[in-house]
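Read through the structure below, which is laid out as structure tokens, and then see the notes.
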Amino acid sequence: MAPRFGMTLAMVALAPCQAFSEPAPDLDCRIGFEALHTWAAWLPGAERRPGDNPNVITVAEPDVWRVEITFTEPGQPGHPAVVLRKFVKQVTSVWTAQSKACGYGNQADFVALVAAAKAEDSRLTNASRDEAERKKREQSPLGSP
């Protein structure tokens, strides 16, 4: 049987292999606050950086995506809640921020927490876009106007 689409076996054998990154983790709110805390701590590559907030766990596939998983503490708005902020690098070199949250306490506080997370997503994405545009202007042979 002949190869499909006019490809020869030599073409297939010489085709470059593309490495695929692991997908970024995502929250499953159904499992609950404590189970999410355990799940996040056991993610491959999960780390808590010294000096950073101990309630933030980070995981990354460098130059592709980065995830910050934040667990609220008693007294914080929306507690108990988990916010997963995913940064995804676009082909334009802009890192877009997208948050997903799970709330297990007062719904009004949780709504405010989600609104704050979404506002911060916009701020972070816009800051990354500004930085990418600045770098692009600096690399342009024509310079900035």
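The values are calculated or read from the model by the stated rules, or taken from the named source; none is laboratory data. Since the structure is predicted, the reported quantities are computational estimates derived from the model, not experimental observations. Quick reminder, even Gly has a Cβ in these numbers, built from the backbone with ideal geometry, and neighbours come from all protein chains shown. In case anyone asks, the SASA skips ligands and DNA or RNA and just uses the protein heavy atoms, side chains included. Shrake-Rupley method; radii C 1.70, N 1.55, O 1.52, S 1.80 Å.
Every test in (1) open to solvent by less than 70 Å² (accessible area, probe 1.4 Å); (2) without any contact (Cβ under 8 Å) to a residue 12 or more places away in the chain; (3) in contact with a Ser or Thr (Cβ under 8 Å, 6 or more places away or on another chain) is passed by Leu84 save one, and that test is (2).
Lys100 - would you say it is of a type in the set (Lys, Arg), under 15 Å from Pro25 (Cβ atoms) and in contact with a Cys (Cβ under 9 Å, 6 or more places away or on another chain)? Yes: the conditions hold for Lys100.
On the stretch given as segment 34-81, residues that are assigned to a loop (DSSP other than H, G, I, E, B) and either open to solvent by 20 Å² or more (accessible area, probe 1.4 Å) or of a type in the set (A, V, I, L, M) (or both) total 23. Checked across segment 105-123, the condition of being assigned to a loop (DSSP other than H, G, I, E, B) and open to solvent by less than 80 Å² (accessible area, probe 1.4 Å) holds for at least one residue.
For the criterion of being among the basic types (Lys, Arg) and modelled with pLDDT of 90 or more, Lys89 passes. Screening the candidates Val91, Val56, Val82 for the property of being under 13 Å from Pro25 (Cβ atoms) and of a type in the set (Val, Ile, Thr) yields one hit, Val82. Has segment 97-104 got any residue that is closer than 18 Å to Gly32 by Cα, polar (S, T, N, Q), at pLDDT 95 or above and not in a loop (DSSP other than H, G, I, E, B)? Checking segment 97-104: at least one residue is closer than 18 Å to Gly32 by Cα, polar (S, T, N, Q), at pLDDT 95 or above and not in a loop (DSSP other than H, G, I, E, B).
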